[in-house]
Amino acid sequence: MDLAKYNKLLQLFKCLSDETRLTIILLIYQSGELCVCDLTDKIQKTSQPKVSRHLAVLRKCKILTTSKNMQWVYYSLHPDIPNEILDILNTSASYLIEDVNAWGRKFNGETKKDCLTGNELELVQVK
């Protein structure tokens, strides 16, 4: 057994075992990249500091990377994620993404504006 691969996979599952972090990853996977305000708008009942802490964990796990546009920091999937991990994320997104999209419509059926571009965003409520 390749212990390094095993530990990397174990770390991935630990990082994704939190409901908010899993939701963040699915939303970023679906959108390509999002900033904290996008995520805070999409994930109802989760404060910006809490979202930021979860993003820090996901960056530490090397699942996410950042890019900066003026004062805005955008989060996207890390380009060095192994294909096997992307397969796991793809399967998870395929399995859950309809539910993620439906949560926003179910709880209040409205959209909020993106902080920078004014794009419409679906709302998602994390239990």
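The values are calculated or read from the model by the stated rules, or taken from the named source; none is laboratory data. Quick caveat: nothing in here was measured; it's all calculated off a predicted structure. Backbone-built Cβ (ideal geometry, glycine too); neighbour counts: all protein chains shown. The accessibility values were calculated without ligands, DNA or RNA, using every heavy atom of the protein model including side chains. Shrake-Rupley method; radii C 1.70, N 1.55, O 1.52, S 1.80 Å.
For this structure, a couple of remarks:
- Residue count for the stretch 8-21, restricted to those that are touching a Cys at 6+ places or on another chain (Cβ under 9 Å), surrounded by 15 or more Cβ atoms within 10 Å (Cβ to Cβ) and of a type outside the set (Lys, Arg): 3.
- If the condition is being free of Cβ contacts under 8 Å to residues at least 24 places away in the same chain and either over 19 Å from Leu89 (Cβ atoms) or out of contact with any helix residue (DSSP H, G or I) (no Cβ under 9 Å at 6 or more places or on another chain) (or both), then the stretch 39-63 contributes Thr40, Ser47, Gln48, Pro49, Ser52, Arg53, Ala56, Arg59.
- Inside the stretch 1-24, residues that are at pLDDT below 90 and β-branched (Val, Ile, Thr) make up a count of 1.
- Extreme residue, surrounded by the most Cβ atoms within 10 Å (Cβ to Cβ), among residues of the stretch 29-84 that are in a loop (DSSP other than H, G, I, E, B) and of a type in the set (S, T, N, Q): Thr46
- Given (1) part of a strand (DSSP E or B); (2) open to solvent by 50 Å² or more (accessible area, probe 1.4 Å), number of the condition Lys5 does not satisfy: (1)
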